[in-house]
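Beneath this line is the structure, given in structure tokens, with notes to follow.
No value in this document is a laboratory result; all are computed from the given coordinates. Treat the numbers as computed from the prediction; the structure is a model and nothing was measured. Neighbour counts are summed over all protein chains in view; Cβ atoms, including those assigned to glycine, are modelled from backbone coordinates with ideal geometry.
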Amino acid sequence: MNHYLKKIIPYALPYKKYAFLNIISNLFYALFALLSMLSIMPMLKVLFQNGKRTTVKPEFTSVFKLYDYGEAYINYYITTKSNENGELAVLTVMIVVILITFLLKNLFSYLAIYFITFLRNGVLKDLRNDVYKKTLELPVSFFSEKRKGDIMARILGDVGEIQNSLLAILELIVREPFTILFTLITMFAISTKLTLFVFVFIPITGYIISLVGKSLKKHSTKVQKEQGYFLSILEETLGGLKIIKGFNGEEVFNNRFRKSTSRFFNFSNTLAHRQNLASPTSEFLGITIFTVLLWYGGKMVLVNHELEADAFIGYMLLAYNILDPAKKISRASYGIKRGEAAAQRVIEILDTKSTLEDKENAIVKQNFDKEIKFENISFKYEDDYVLENFSLTVTKGSTVALVGQSGSGKSTIANLVTRFYDVNKGKITIDGLDIRDLTKHSLREQMGLVTQDAILFHDTIANNIAFGKEISEENIIHAAKIANAHEFILEQPNGYQTSIGDSGNKLSGGQKQRISIARAILKNPPIMILDEATSALDTESEKAVQEALEKLMQNRTSIVIAHRLSTIQNADLIVVMQKGKIVEQGTHKELIAKKGTYYNLVNMQSLG
């Protein structure tokens, strides 16, 4: 079994009782599949009237002579019962036996599928939960390198493919092999010579079938990757529909999507052709063996008189009984190949090591007492440093504003202090403790975050403010009032219970921002990070949001990444940044008086 599929096995362990019941059901299915074929043979004896007539009841001597004993007992039964009740009555009994064996065969077939359903769906649920949990745990940097659509394809499509592979594996190792094994043992019992003749052709058949599916895994991987790519295009399209339309980019995105689906079409066709070739190939090879067997066995019956006609017909039914399991094993092996490719993509996510894991003895930070310090930190996203030897102290209760033109490293400070990324050099401390020594959860509990793009979820206004916490409606309303959001919320169709749509698209930019501020207020953290919170707003919205921000910053330590003068002119310290370094710092009045970089930025209205 493939290395990646082996890693899926632990997910099946909680459902092992269903696997056990499935195996038991499959064993009984294999047994009754054999008996359903064998049960036809006594009926043929009655019809052909070629059974050895005997009134002496046979004795069981050895398990190795079970077939001979069975045949002798059937001859004894047919002889005695025909003498007592007539041959038609015996034939009726034989037909009832055939019906019962086929009924039991199908009953155990259903039970096997019934039990495996719990295992398959359980593994699907647990695997999806773990992949989703892992996506929440992985650092932001992981998703800047991966397409979102590809992650979605892995959680949806690839995990589903693994689910199908589980059924294929159990078919491959239990149901069909035992059906074939039981049948072959019986075929040997009927005629060793004829069965050995069949075995000459089986390795040749297996080799030809294996050639068909050799490159299936490679083509399956291509299909799954391409599916991830066009899901990414779809996700980008839905997220950026206004820009696409506004810049007349419909044709560009349409062409990109068409090219992707064309590649998917070609890869899928190649994969499907190889899969579809498996069944007719295995069936043709099986029928070829069947016809050769028919000729050779017919010769044994008609010319050499080594085999009875009814035994030969029963033997041929058993031989045909092998064909269907052989075809299913062939299909299952291809299913496993697809599952291997899917498992590789899923395990890739689960095995990804987060660069921001908590240390083994990480400290739980309960409160914030003194200061935040950036001590000679340097950081780069890729090759070039965006911050170099940056040092700054933010004392408790103060407001520090970071200004500078785009690309100066302001937002990077917000990403580092919240530990979305780790510094390459230097360290960031809170109350003298390196933030890398703290648990991420306790660090972020000390902070509230309001970003430039208000990130809201497809839920009610109340739930977006509470954000998963059990909060009374009274507290939610109180937070909304401080954020200047209460009045416009009451104007909504269902007030606080109004659903705001995907990403809050039913609200204006200012309204969304005020809800995100209310969420931060409700959290009530000692440290606030405001990342260009008013930059995307019009003047009227900015005024309402600015008032909300001022209330939010009261009695808190705030790091403000500023775009507009109104946001920062009352800050205790303004830090002017340029290419990742501090070029000026002071209050608004001090920096204006210097008539340096800050003075020029204010005059050019290009603070951010």
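Structure notes:
- 3J(HN,Hα) along segment 448-453, derived from phi through the Karplus expression 6.51 cos²θ - 1.76 cosθ + 1.60 where θ = phi - 60°, amounts to x, 10, 10, 9, 4, 9 Hz, with x in place of Gly and Pro.
- Net dipole in debye of segment 371-604 [+1 Lys, Arg Cβ; -1 Asp, Glu Cβ; about Cα centre; nearest 20]: 440
- Projecting the Cα atoms of Leu392, Gly339, Thr288 onto the charge dipole of segment 277-423, computed from C-beta unit charges around the Cα centre, puts Leu392 farthest toward the positive end.
- Paramagnetic label zone (point 7 Å from Cα along Cα-to-C-beta, Gln366; backbone N under 16 Å) in segment 435-451: 439, 442-443, 445-446
- Unit charges at the beta carbon, dipole of segment 371-604: most positive-side option, Val583, Thr439, Ile455: Val583
- Local electrostatic count at Lys523 - Lys and Arg +1, Asp and Glu -1, tallied over other residues with Cβ under 9 Å: +1
- Potential lengthening between Asn106 and Met604 on full extension [0.36 nm per residue; Cα-Cα distance subtracted]: 171.1 nm
- Long-range HN-HN contacts of Gly448 with modeled amide H, under 5 Å: Ile527, Met528, Ile529
- Backbone phi angles across segment 481-494, fed through the Karplus curve with coefficients 6.51, -1.76 and 1.60 (θ = phi - 60°), yield HN-Hα couplings of 5, 4, 7, 6, 10, 4, 5, 6, 5, 5, 7, 6, x, 10 Hz in residue order; Gly and Pro are listed as x.
- Entries of Lys373/Lys396; Lys410/Lys469; Lys365/Lys396 with Cα pairs more than 20 Å apart: Lys410/Lys469
- Using the Cβ-Cβ distance between Lys133 and Leu91 with R0 = 56 Å, the FRET efficiency computed as 1/(1 + (r/R0)^6) comes to roughly 0.30.
- Using the Karplus relation 6.51 cos²θ - 1.76 cosθ + 1.60 with θ = phi - 60°, the per-residue 3J(HN,Hα) values for segment 154-161 come to 5, 5, 8, x, 5, 5, x, 5 Hz, with x marking Gly and Pro.
- A cut-off under 13 angstrom between Cβ atoms defines the neighbours of Ile582, and their net charge, with Lys, Arg +1 and Asp, Glu -1, is +1.
- Near the amide H of Gly426, within less than 5 Å, lie the amide hydrogens of Ser378, all on another chain or at least 5 residues away, with H placed in the peptide plane.
- Local electrostatic count at Asn367 - Lys and Arg +1, Asp and Glu -1, tallied over other residues with Cβ under 15 Å: +2
- Label-point separation, Gln497 to Ser141 (7 Å along Cα→Cβ), nm: 4.6
- FRET efficiency, 1/(1 + (r/R0)^6) with R0 51 Å, evaluated for Lys380 and Asn266 via beta carbons: 0.80
- Scanning residues 5 or more positions from Ile574 or on other chains, those with amide H under 5 Å from its amide H are Ala401, Gly586, Thr587, with H placed 1.01 Å from N in the peptide plane.
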